[in-house]
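What follows is a single structure, written as structure tokens, with notes after it.
The values are calculated or read from the model by the stated rules, or taken from the named source; none is laboratory data. Just so you know, these numbers come straight off a predicted model, no measurement behind them. A quick note on method: Cβ atoms are made from the backbone with ideal geometry, for glycine too, and the neighbour counts reach across all protein chains shown. All accessible areas refer to the heavy atoms of the entire protein, side chains included, with ligands and DNA or RNA removed. Shrake-Rupley method; radii C 1.70, N 1.55, O 1.52, S 1.80 Å.
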Amino acid sequence: MTDLLHTIPDFPTKLYTHLLPSLEKHLITTTDLLTLDALEIAKRAQLPLLDVRRLANHVIAILRGQLGLKNDNALNFENLGEKQADYGALKKSGREVTSQWSTISILDPTLDEALGGGVPTGYITEITGESGAGKTQLLLTLLLSAQLLPPHGLARPTLYISTEHPLPTTRLSQLLTTHPLLSTASTTNRANAPSLNRILTLNTPDLESQEHILTYQLPVALSRHNIGLIIIDSITANYRAERGSDKTAAALATRSAQLVKLGALLRSLAREHDCAIVVANQVADRFAPVSTTSRTSAASSGPSTIFSSSPISKGTQGNKEPTPSVLSLDHQQQFFTGWGSHPSSSSSSLSSSTLQTTNLKTPSLGLVWANQIACRIALIKERDYGTAGTGEEEVNVSGTGGGEWSSRRWRRWMRPVFAPWVEGKGGVEFEIWGGGVRAVGKVEGGGEGEDVG
């Protein structure tokens, strides 16, 4: 049972040295011990029935204690393992959980309101979007705001784990000097002021080093430096590089098992150390289904319609798109991917129905990874074909590509896709500026966004 210590690291194995070798020899796992009948396991491993039952009850008692579940009929074991002696009562009540709710601000009141107060500790939050949508800008803002005193931050150091590129220190310095909250904190409270010195960095160039760092080095760093925020940028890069070309069933099953293990590890670290874990995820293009009627009408309309590439011309063709069934994946993907319904107001230059079926994206790593995270935030970027944007001057952010961040060329929305603490108010239009990110538009389904300019 080599997986027993992975499930319960402090399990007192010395009490069962006469059982564990035989269980390991017959390939009996901790899951088998919890789900199969004790008599079946005893016959299979040729062990005394009472000893097997005692081991199973001991494992169940420790797991219930870790969950904070109360069991008045639990056996009194000689050793429940380290930190398990107080087992028996609920760890925290609902009132205690809500009173200890800690979040990290994005340094914009409208964006924080859309996320239910900010990025919370104790959970895994994913930020997904295409290149240039603003993922890195949001992550860098969180790296500094987490160092602020409450209510904006946690007054704790932060950790940046990179899988693609080094930490952009030039942009961080620009944030420190440009944003009013960050620059003011640096002058009024220098002892706890945000700085680059309080940001730890790690690099994981491949899956092997990523697994080693997250499993062994990360828990040590959390305990030693009291880290309040962990950022992984990005969670997808190493999986795409090493597993992207292998699409066999065995390879996909292996990757799914790795993602489940990674999610369990990150969740346990977030809960144990009361820190926020934010990961960046990439996206892939998703093509809307084309019905037979659409193909026929497109073919009969001539080459000019077939080869037309302008989204505006697509919206004026007048062909009604087929409505998918509510039980189909094409319909339900909008609820967990973030793409499928347009986040802007009805005043957009393109029709809403056109934008619902064009420029569709799907976050990488599939449903397996989506089930490991507590919150997904989609950053949606679309070119503005109508007016000249929101009227701001073009913003060239140093160290991030310059003209890519032209506010006149692009419109961006931040949209909480799912999270148990968000009321579902919809997306918020935002822009990139020298001090990070800020809201500029309306909240989807709500009122005007707060002017922070």
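Overview of values
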| read-out | value |
| --- | --- |
| ASP10-SER325 FRET efficiency (beta carbon distance; Förster radius 51 Å; 0.05 resolution) | 0.55 |
| Of the trypsin sites (Lys or Arg not before Pro) in the range 201-276, those whose Cβ has at most 12 other Cβ within 10 Å and which sit in DSSP loop | LYS247 |
| Space enclosed by the convex hull of the alpha-carbon atoms of the range 151-220, per residue, Å³ | 103 |
| Accessible area (Å², 1.4 Å probe, nearest 10) - THR201 | 80 |
| Computed label-point distance, nm, for sites THR170 and ALA257 using a 7 Å Cα→Cβ extension | 4.5 |
